[in-house]
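The values are calculated or read from the model by the stated rules, or taken from the named source; none is laboratory data. All figures in this text were calculated on a predicted structure; none of them were measured in a lab. FYI the Cβ positions are ideal-geometry reconstructions off the backbone, even for glycines, and counts take in every protein chain you see.
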Amino acid sequence: MPTRVLMFGWEFPPHNSGGLGTACLGLSRSLAREGIDITFVLPREVSAEAPADNFRFVFADVPNIRVKCVHVGLYPYITSESYEARQKGAASPYAGSLMEEVRRYAELARVIAREENFDIIHAHDWLSFPAGVAAKEVSGKPLVAHLHATEFDRTGGNGINTAVYAMEKAGMEAANRVIAVSGRTKRMAEEHYGISGDKIDVVHNGIDPNPAQGSVYGGLKKLKEDGANIVLFAGRITLQKGPDYFVKAARRVFDVEPNVYFVVAGSGDMERQMMQEAAYMGLGSRFIFAGFLRGTELDAVYKIADLYVMPSVSEPFGITPLESLAQGTPVLISKQSGVSEVLRHSLRADFWDIDDIADKIVSALRHPPLHSTLAENGMREIRDLTWENAAQKVAATYRTILSAPAFV
């Protein structure tokens, strides 16, 4: 009989705001392909398509679940303070604090866990950890806590939200095993949360390589035809991703390479600040803010760029460099990222070293052999960084738990 997993997540493509949803899709789809039955629980009903026959959705706000539904306006990366500010004056009866919504989801999880048949619980990140713990309490089934990011990553270690920290810690402590997306994230769980390293399995994120599928992005095609270089920043425009360092490095690049444009694909709470800093530095005409992109639109921007830069201050993993390499575009990543553990063919720099970042951007733009070597070797490298391989490791974690005497 196949292993049955009750999986709790907060978002799922195409209704996702970042890499968490992408990871949930890639991993759960590959687990289903491995023969594992997946019941994926979301806080609210969305028009998502099940990626396999042995994969089904359960939505916590469906009529037969007689518990107050979760408000639809939830985002996995928003801070509690930003959420409350967003909800001021909202007409929705569910416009409470983010913490109230997370706790409501946990109460719904109790109902769902009583109604579903499953062998193991898998909860993704802090927003779903209380739901996973609640399901474990009512069912007695083992729990896997999947740590995609920590509060120290999201805040850069400054001004952490103690309530979020407490939920992360409680989720990992209650779990039978913890999955961390990188060795970096594992060390943070050990050092900041007191979780034993013996309890943590490292499973790097992956990608389903689909090279060169993006069509040429029309708005940038003319720039390329005129000989301009394009340097890309893609991701949430938040403190964690280092957008301010990208702008500062861009100024240094432009000083020596004036025929360059900087494309920003994403949105976030620092978007206005990023625009203002670019204008203040005299780069207003050189920055193109494309907004939040997904799917083939994002693939197209990756494909037309000359270099993708990820200057993250604290990046648990970082799927976007893999997506860029899948489109044949080399990458420059911060040394403070989990993906640096698995990408050997990439440029690297400390997020704060804007001179080094700028120097390496210029080198990639000026030296075609370096550019092509990074691109070609990077594309070969990501062939092994697949969700299939990640799913096999997660399945091994399931087997380890279920083979323990308490669950045999």
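Points to keep in mind about this one:
- Residue tally, condition in contact (Cβ under 8 Å) with a residue 60 or more places away in the chain, surrounded by fewer than 16 Cβ atoms within 10 Å (Cβ to Cβ) and of a type in the set (Val, Ile, Thr), over segment 363-408: 1
- Segment 254-291: number of residues that are on the phi > 0 side of the Ramachandran plot and either more than 28 Å from the chain's Cα centre (by Cα) or surrounded by 16 or more Cβ atoms within 10 Å (Cβ to Cβ) (or both): 3
- Unique match (being free of Cβ contacts under 8 Å to residues at least 12 places away in the same chain and hydroxyl-bearing (Ser, Thr, Tyr)) among Thr150, Thr155, Thr162, Thr238: Thr162
- When Asp306, Asp356, Asp299, Asp350 are checked against the criterion of being at pLDDT below 95 and outside the structural domain of His122 (by TED's automatic domain parsing), a single residue qualifies: Asp299.
- Residue match in segment 364-379 (condition: touching a Phe, Trp or Tyr at 6+ places or on another chain (Cβ under 6 Å) and outside any helix (DSSP H, G or I)): no
- Checked against the criteria, Ala396 does not count as closer than 30 Å to Arg177 by Cβ, part of a helix (DSSP H, G or I), assigned by TED's automatic domain parsing to the domain that holds Pro142 and in contact with a Leu (Cβ under 6 Å, 6 or more places away or on another chain).
- Within segment 292-302, the set of residues being closer than 23 Å to Asn377 by Cβ and either free of Cβ contacts under 8 Å to residues at least 24 places away in the same chain or surrounded by fewer than 21 Cβ atoms within 10 Å (Cβ to Cβ) (or both) is empty.
- Residue satisfying condition, being at pLDDT 95 or above and in a strand (DSSP E or B), within set Val144, Val133: Val144
- Among all residues of segment 164-185, there is none that is assigned to a loop (DSSP other than H, G, I, E, B) and closer than 30 Å to Gly282 by Cβ.
- Being touching a Phe, Trp or Tyr at 6+ places or on another chain (Cβ under 9 Å), of a type outside the set (Lys, Arg) and within 28 Å of Ala189 (Cα to Cα) is a description that does not apply to Pro316.
- The one condition from (1) more than 30 Å from Thr238 (Cα to Cα); (2) modelled with pLDDT of 85 or more that Arg66 does not meet is (2).
- His345 satisfies every condition listed in (1) assigned to a loop (DSSP other than H, G, I, E, B); (2) at pLDDT 95 or above except (2).
- All positions within segment 306-325 that are part of a helix (DSSP H, G or I) and either buried (at least 24 other Cβ atoms within 10 Å of the Cβ) or without any contact (Cβ under 8 Å) to a residue 12 or more places away in the chain (or both): Thr320, Pro321, Leu322, Ser324, Leu325
- Scanning segment 272-296 for residues that are assigned to a helix (DSSP H, G or I) and at pLDDT below 95 yields Gly295, Thr296.
- Scanning segment 102-130 for residues being among the small types (Gly, Ala, Ser), part of a helix (DSSP H, G or I) and within 24 Å of the chain's Cα centre (by Cα) gives a total of 3.
- Restricting segment 1-25 to residues that are in contact with a Phe, Trp or Tyr (Cβ under 7 Å, 6 or more places away or on another chain) and hydroxyl-bearing (Ser, Thr, Tyr), the residue that is surrounded by the most Cβ atoms within 10 Å (Cβ to Cβ) is Ser17.
- Scanning segment 142-183 for residues that are of a type in the set (Val, Ile, Thr), over 11 Å from Gly132 (Cβ atoms) and crowded, with 19+ Cβ neighbours inside 10 Å turns up Thr150, Thr155, Val164, Val178, Ile179, Val181.
- Those residues of segment 326-342 which are part of a strand (DSSP E or B) and in contact with a Phe, Trp or Tyr (Cβ under 6 Å, 6 or more places away or on another chain), in sequence order: Val331, Ser334
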